[in-house]
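Structure record follows, encoded as C-alpha cells.
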Amino acid sequence: MTVIASLPLARRLELLYRFERSGMRPGLEGIERLLAAAGRPDRAFPSALIAGTNGKGSTAAHLSSILRAAGLRVGLYTSPHLVRFHERIRINGAEIDDPALESLLARWWPRFEEAPTSFFEAATALCFDHFASSRVDFGVVEVGIGGRLDATNILTPRVAVITTIASDHAEILGGTLGRIAAEKAGIVKEGGTLVLGVRRQEPRAEILRIAATKRARVLRLGADARYAARTVDASGTTFHLATASYRGTLRTPLIGVHQARNAALAALAAEAILSAEGRHAREIGAAIVAGVEATRWPGRAELLPGDPPILLDVAHNVEGAQAIAATASALFDKRPVAVVAAFSRDKDHGSILRALGPCATRFILTEFAGERATPVADLVSHAPTREPGALAVREPAEALALGRAWASACGGALLVTGSFFLIGEALTHLHREMPRAL
C-alpha cells in the first residue's frame, strides 16, 4: 500500500497492465469478491449493459449521449482504450482525471493483491466505484468479451442490449454462431428488458429462446424501431428513424451505414429506459435527436481531412472490415486507397484482409508494439494482393508516412485500420489529440 501510494500514476498503471499477462478469468467470482469488499458499488446506480461482436462502443456512445440530452448524469464504461487508460471511464463525456484515478488505485490496490485479479476485473471495479462515488444517474456499460462470464455481468441492468453476432473470439465463446449468441445472451436477466439488434437467423433464434426462458421483454430493431440510411459523407450519416417516440430524419456525426444502425439501436434502448422513468414521448424524441447529433466517438470511422484524407477505424474482425471497406468506398468514390493495417495474433487476419480488399488499391502492412502483434511477415503472406500491391513495413510510423506519401502523390486516400493498438499508435504519430471530453 505504502509503495503503491508513493509511485507516480504512470508507474501504477504499468503495474495494473501487468495483470493482463495473467490472462482472462472467465466467471463472476473474482469481480464479486472485489465488489463485496467495497460494499457493492455496482448496486448504487441503474445501468444498461451492451454486448455484441461489433458496434458495442458506438452504440454505447450514442446511448450515453441521448441520456445526457435527457438531463441525466451518465457514466460510460468502454474498452479497450486507444491512448490513455482514462478513456475507459467517463462521466458526462469527461474521462476520469488523474487525482480521481490515483485515489482509486491507492484504495483498491490492497484488494487486488489479496487474491489473483485480472486486468479487466480491476478496471471494472475501479469504474463502478467511481460511478457510485460520483453519484451518476445511470451507467452505460460495454461488455468486454462474451457476456455470461464477463466481469461487467455482475450488473443487473435495466436494459440489456445485444448489437450483432459474428465469429470473433470463437476459441473462447464457442465455434458456432449459436454458441456465441448464447454467451452474449448471458447478460439478459430474469424479467428484464432486452433490446436486440441481431439479424442473423441462427444467433437471433438462440437469443430469443434464452430471453423467453427468462421471461424477458424483447424490443427488436426492425420491428419496434425501424431505420434507413440516407446519405454518408465526410460530416456524418443521415438516416430516417421511426420509433414509438420519434419519426423523422436525423444525423449522427459518426460515419457509415453501420453507424446509422448503431444510433437506431441506441435510440430504442434510450426509449425503453426513459419511458420506464415516465418521460413523455415528445421529451424522449427530443433527447434522441439532440443526443444522436451530439455523439462523438474518436477512432471509429473517424475522418481526418487533408491531403490525403485519412480514415481511422478499429476494424478487427471480418464484419467490421466489411463495414469500413464499404464506408471507405462511399467516402472516397473511385480514388485509390492505401490501407495501413495491423492485427493482434488472435485475429483471423487473412479473412479480414480479404474483406478489406474491395476498397484497397495497396496494402501497407505493419505491426504495433508489444507481444500481441501479428508479425508483419505473416500478414503479407495472407494479403489478397502481392507486390507492388502489398508492402511490409514493420514500424507503424514508417508505414503511415509511406501510405500518406503514396496517397498524396496519386490523389488518393489513406485508411488506417485493424487493432485498437495500431489506431492508438497512429493517433500519436499523426499528432491527433485524443479528447478528454466528448
Heads up, the strands (runs of 3 or more DSSP E) in the stretch 147-260 (entirely inside) with at least 1 residues that are touching a strand residue (DSSP E or B) at 6+ places or on another chain (Cβ under 8 Å), hydroxyl-bearing (Ser, Thr, Tyr) and within 29 Å of Ala123 (Cβ to Cβ) are 193-196, 247-252
Counting only residues that are assigned to a loop (DSSP other than H, G, I, E, B), in contact with a helix residue (DSSP H, G or I) (Cβ under 9 Å, 6 or more places away or on another chain) and open to solvent by less than 60 Å² (accessible area, probe 1.4 Å), the stretch 393-418 contains a total of 2
When Ala225 is run through (1) over 21 Å from the mean Cα position of the chain (by Cα); (2) open to solvent by 10 Å² or more (accessible area, probe 1.4 Å); (3) at negative phi, the failure sits at (2)
Among residues of the stretch 207-222 being loosely packed, with under 15 Cβ neighbours inside 10 Å and not basic (Lys, Arg), the residue farthest from Gly186 (Cα to Cα) is Gly222
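Find the helices (runs of 4 or more DSSP H) located wholly in the stretch 1-83 whose residues include 2 or more that are open to solvent by less than 20 Å² (accessible area, probe 1.4 Å), and list them.
Numbers: elements: 2-6, 9-17, 29-37, 56-69.
Where helices (runs of 4 or more DSSP H) fall fully within the stretch 1-83 and carry at least 2 residues being open to solvent by less than 20 Å² (accessible area, probe 1.4 Å), they are 9-17, 29-37, 56-69.
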Across the stretch 294-331, the tally of residues that are open to solvent by 10 Å² or more (accessible area, probe 1.4 Å) and of a type in the set (A, V, I, L, M, F, W, C) stands at 10
Within the stretch 106-130, restricting to residues that are under 19 Å from Leu155 (Cβ atoms) and of a type in the set (Asp, Glu), the one that is surrounded by the most Cβ atoms within 10 Å (Cβ to Cβ) is Glu121
Exercise. Within the stretch 135-149, identify whether any single residue is more than 18 Å from the chain's Cα centre (by Cα), among the aromatic types (Phe, Trp, Tyr) and open to solvent by 30 Å² or more (accessible area, probe 1.4 Å), and answer yes or no.
Key: no
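Which strands (runs of 3 or more DSSP E) sit wholly inside the stretch 302-370 and have at least 2 residues that are over 18 Å from the mean Cα position of the chain (by Cα)?
Working: elements: 302-304, 310-313, 337-342, 362-365.
In the stretch 302-370, 337-342, 362-365 are the strands (runs of 3 or more DSSP E) which contain 2 or more residues that are over 18 Å from the mean Cα position of the chain (by Cα).
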Residue hits (the stretch 254-293; open to solvent by 20 Å² or more (accessible area, probe 1.4 Å), of a type in the set (Val, Ile, Thr) and over 23 Å from Leu312 (Cβ atoms)) are Val289
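Does Ser103 count as open to solvent by 20 Å² or more (accessible area, probe 1.4 Å), in contact (Cβ under 8 Å) with a residue 12 or more places away in the chain and farther than 30 Å from Asp313 by Cβ?
On the way: open to solvent by 20 Å² or more (accessible area, probe 1.4 Å): yes; in contact (Cβ under 8 Å) with a residue 12 or more places away in the chain: no; farther than 30 Å from Asp313 by Cβ: yes.
Against the criterion (open to solvent by 20 Å² or more (accessible area, probe 1.4 Å), in contact (Cβ under 8 Å) with a residue 12 or more places away in the chain and farther than 30 Å from Asp313 by Cβ), Ser103 does not qualify.
Could you tell me how many of the residues in the stretch 95-108 are of a type outside the set (Val, Ile, Thr) and either within 17 Å of the chain's Cα centre (by Cα) or assigned to a loop (DSSP other than H, G, I, E, B) (or both)? Walk me through how you get there before you give the answer.
Here is the first cut: in the stretch 95-108, the ones of a type outside the set (Val, Ile, Thr) are 95, 97-108.
Subsequent filtering for residues that are either within 17 Å of the chain's Cα centre (by Cα) or assigned to a loop (DSSP other than H, G, I, E, B) (or both) retains 95, 97.
So the count comes out to 2.
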Per the list (1) open to solvent by less than 40 Å² (accessible area, probe 1.4 Å); (2) farther than 22 Å from Pro46 by Cα; (3) in contact with a helix residue (DSSP H, G or I) (Cβ under 6 Å, 6 or more places away or on another chain), residue check on Gly248 breaks on (3)
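The values are calculated or read from the model by the stated rules, or taken from the named source; none is laboratory data. Owing to the predicted nature of the structure, the values given are computational and were not obtained by experimental measurement. Positions of Cβ are generated from backbone atoms using ideal geometry, with glycine treated the same way; all protein chains shown enter the neighbour counts. Ligands, DNA and RNA are excluded from the accessible area calculation, which covers all protein heavy atoms including side chains. Shrake-Rupley method; radii C 1.70, N 1.55, O 1.52, S 1.80 Å.
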